[in-house]
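Structure first, commentary second.
The values are calculated or read from the model by the stated rules, or taken from the named source; none is laboratory data. All figures in this text were calculated on a predicted structure; none of them were measured in a lab. Cβ atoms come from the backbone with ideal geometry, glycine included; neighbour counts cover every protein chain shown. For the accessible areas, the whole protein counts, side chains as well, though only heavy atoms, and no ligand, DNA or RNA atoms are used. Shrake-Rupley method; radii C 1.70, N 1.55, O 1.52, S 1.80 Å.
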Amino acid sequence: MQAAATRIESEAVDEETARYWDELYAARERYWSGRANPHLVTVAGALPPGTVLDLGCGEGGDAIWLARQGWRVTAVDVSRTALDRAAAEASAAGVTGRIDFRRHDLTRDFPDGRFDLVSAQFLQSPIEFPRDEVLRAAARAVAPGGRLLIVEHGEMPPWARAHHPETHFPTPQETLASLALDPDAWHTERVEAVHREGTGPNGETGHLVDNLVLVRRR
Ligand SMILES: C[S@@+](CC[C@H](N)C(=O)[O-])C[C@H]1O[C@@H](n2cnc3c(N)ncnc32)[C@H](O)[C@@H]1O
């Protein structure tokens, strides 16, 4: 095992937000599968590795996969519980040296720098979350020639419907419009709803609709 890297901890964190996500993660030994998100694998797998910012990295499945592909990863989450697990997994995988884990509340502040790829995988929240603002900040963090990949639920996963029956989900076109990108400065590569079979936190399988938005800064 490698020594854990020093973690950057932003002071500007909304404690209620942090508590919500810490409690959600603490309720289970592991919340997500540990596997990388499939659309990220397809998109990033076709790119030459560079720098990547993983927003809302959770337990680190994407960050670790990216590091293994040779990317230099900055992985950000508001939950200490999730980040601790992600760092332990990264250490076990031997990729600690390629990932900077940072605790940020993205509604309060944003990591510095410009990245070849900025990835927001299911950066969605059942509690107050000004997502449009966060995604616009994500677009600003893309380096010239780099890409922003947003993957989000296009409808509630079957296993979560009972808990959040009223939630509105944007279409991929609405998500793209919410970024308010200058068409002279950005090229839209993909805007689509993708259907697939997926697995929920309790191992349940079901039909999922994922919105996928991929834009490239010229
Ligand atoms: C639905 S989970 C997705 C996790 C991971 N990207 C994945 O696809 O498995 C959303 C993640 O965003 C994080 N998050 C929620 N609000 C946040 C905020 N304001 N700042 C930073 N991270 C936040 C949560 O802690 C959680 O890990």
Notebook entry, point to check: Rolling a 1.4 angstrom probe over the protein heavy atoms, how many square angstrom per residue are accessible across the chain?
Noted result: 49 Å²
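How big is the equivalent ellipsoid of the chain along its three axes, where each semi-axis is √(5λ) from the Cα gyration tensor, reported in whole Å from largest to smallest?
Working through the eigenvalues yields semi-axes of 23, 22, 18 Å.
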Check: When only C-alpha pairs under 8 Å and at least 6 residues apart count, what is the relative contact order of the chain, in percent?
Finding: 19 percent
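Any idea what the dipole of the chain comes to, in debye rounded to 20, about its Cα centre with Lys/Arg Cβ at +1 and Asp/Glu Cβ at -1?
Magnitude of the dipole: close to 840 debye.
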Next item on the list: Send over the per residue convex hull volume for the range 42-143, Cα only, as a whole number of Å³.
Entry: 93 Å³
Next item on the list: Run the dipole for the range 59-174 about the Cα centre, Lys and Arg Cβ at +1, Asp and Glu Cβ at -1, nothing else charged, and hand back the magnitude in debye, nearest 20.
Entry: 420 debye
Next item on the list: Tally up the carbon and sulfur contribution to the accessible surface of the chain as a whole percent, 1.4 Å probe, everything protein left in place.
Entry: 49 percent
